[in-house]
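S.K.: Provided herewith is a single structure, encoded as structure tokens, for subsequent inquiry.
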Amino acid sequence: MSERGGGPFGELGRFARAALVDPVPRDHRESRAAIRRRQVVVLATLVVGFALLTWALRTPPGSSAFYVATLALAAVWVAGAFASGPLHLGRARTRTGRIDARPVVQPVVLGVSLLLVFLAGALVVGRIPLLRGPVEELLDHARFGSLLAVALITAINGIAEELFFRGAMYAALTRHPVAVSTIAYTLSTVGTGVPLLVLAAAALGLVTGLQRRVTGGILAPTITHVVWSLGMLLLLPPALAIGD
């Protein structure tokens, strides 16, 4: 991974391989009993979490019930994650080929890149009433409530979701963990009735799933998720408003 050359495209390719393709060596093997325990805890957590998520996003904008529901949801994800077994932060492969660094810069870059893609898409969504309407209703929670409180809850839930979906669930899966955890995360947003949110969950779930596979831990997915979600919260409304 330390080779040079190829100009900007070569550099981009090396970054993509380091951040999303080439796994860092590690040994996180667990016994069958430990995996079964994770699977039971994950299934139980999903049932409760899906119900709370649907309730939270369907509460009236500005309602105190929204804050209660979303914080309760975060508590469920976190409790399920830690009850399932040990979680790992993970390691990153640097530009020089080292594999003993914590992943920080790569996930920030990926979070910003994903944010830019969705903000570009928002310019199109803003001109399609059928798609824009549900997004505007979702953003009403920030408009009619406390933006600071919503931002804090958004960050907390982003961390909690990664602890569970890319932490506990990923570790509980014995086959195709990236695909299965991405599908489960995407399905968790279907009940909100917001097509853009479902699409965003699929894209975010895939990117963070690949990060989990490469780094072997939850730190990289968590950073990417928080950067993306806070960026969407703050920048999506003006992006939708362009052209009004």
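The values are calculated or read from the model by the stated rules, or taken from the named source; none is laboratory data. Given the structure is predicted, the values throughout are model-derived calculations rather than measurements. With ideal geometry, Cβ positions are generated from the backbone for all residues, glycine too; neighbour counts draw on all protein chains shown. Just the protein is used for accessible areas: all its heavy atoms, side chains included, with ligands, DNA and RNA removed. Shrake-Rupley method; radii C 1.70, N 1.55, O 1.52, S 1.80 Å.
S.K.: Looking at VAL105, VAL21 in this structure, which one is on the phi < 0 side of the Ramachandran plot and within 17 Å of the chain's Cα centre (by Cα)? First the steps, then the outcome.
M.R.: Numbers: VAL21 fails: within 17 Å of the chain's Cα centre (by Cα).
Residue meeting the stated conditions: VAL105.
S.K.: Looking at the stretch 42-58, which of its residues are small (Gly, Ala, Ser) and either open to solvent by 70 Å² or more (accessible area, probe 1.4 Å) or under 22 Å from LEU139 (Cβ atoms) (or both)? It would help to see each step written out before you state the result.
M.R.: Narrowing the stretch 42-58 to residues small (Gly, Ala, Ser): 44, 49, 51, 56.
Within the stretch 42-58, ALA56 is the sole residue that qualifies.
S.K.: Report whether or not ALA81 is crowded, with 19+ Cβ neighbours inside 10 Å, of a type in the set (Gly, Ala, Ser), assigned to a helix (DSSP H, G or I) and in contact (Cβ under 8 Å) with a residue 40 or more places away in the chain.
M.R.: It is true that ALA81 is crowded, with 19+ Cβ neighbours inside 10 Å, of a type in the set (Gly, Ala, Ser), assigned to a helix (DSSP H, G or I) and in contact (Cβ under 8 Å) with a residue 40 or more places away in the chain.
S.K.: Let me ask something additional. Quick test for you: out of LEU115, LEU110, LEU130, pick the one residue that is more than 24 Å from ALA51 (Cα to Cα) and open to solvent by 30 Å² or more (accessible area, probe 1.4 Å).
M.R.: LEU130
S.K.: Still on this structure, please answer the following. Out of curiosity, is ILE223 more than 16 Å from TYR170 (Cα to Cα) and modelled with pLDDT of 95 or more?
M.R.: yes
S.K.: Could I ask something else about it? When GLN106 is evaluated against the numbered criteria (1) closer than 19 Å to SER181 by Cβ; (2) touching a strand residue (DSSP E or B) at 6+ places or on another chain (Cβ under 8 Å), which criterion, by number, is the only one it fails?
M.R.: If we test GLN106 against (1) closer than 19 Å to SER181 by Cβ; (2) touching a strand residue (DSSP E or B) at 6+ places or on another chain (Cβ under 8 Å), just (1) comes out false.
S.K.: Restricting the search to the stretch 186-244, which residues are in contact with a Ser or Thr (Cβ under 7 Å, 6 or more places away or on another chain), of a type in the set (A, V, I, L, M, F, W, C) and over 15 Å from GLY167 (Cα atoms)?
M.R.: LEU197, VAL198, ALA201, ALA202, LEU230, LEU233
S.K.: Taking into account only those residues within the stretch 146-170 that are modelled with pLDDT of 95 or more and open to solvent by 30 Å² or more (accessible area, probe 1.4 Å), which is farthest from the chain's Cα centre (by Cα)?
M.R.: Step by step, filter the stretch 146-170, then rank; the result is ILE156.
S.K.: Hey, another quick one. With respect to LEU173, determine if the residue is under 21 Å from ALA83 (Cα atoms) and surrounded by fewer than 20 Cβ atoms within 10 Å (Cβ to Cβ).
M.R.: Working: under 21 Å from ALA83 (Cα atoms): yes; surrounded by fewer than 20 Cβ atoms within 10 Å (Cβ to Cβ): yes.
It is true that LEU173 is under 21 Å from ALA83 (Cα atoms) and surrounded by fewer than 20 Cβ atoms within 10 Å (Cβ to Cβ).
S.K.: Please identify the pairs in which a residue from the stretch 30-45 that is farther than 17 Å from SER181 by Cβ has its Cβ atom under 9 Å from the Cβ atom of a residue that is outside any helix (DSSP H, G or I), counting only partners at least 6 apart or on another chain.
M.R.: Final answer for the pair search is ALA34/GLY85; ALA34/PRO86; ARG37/GLY85.
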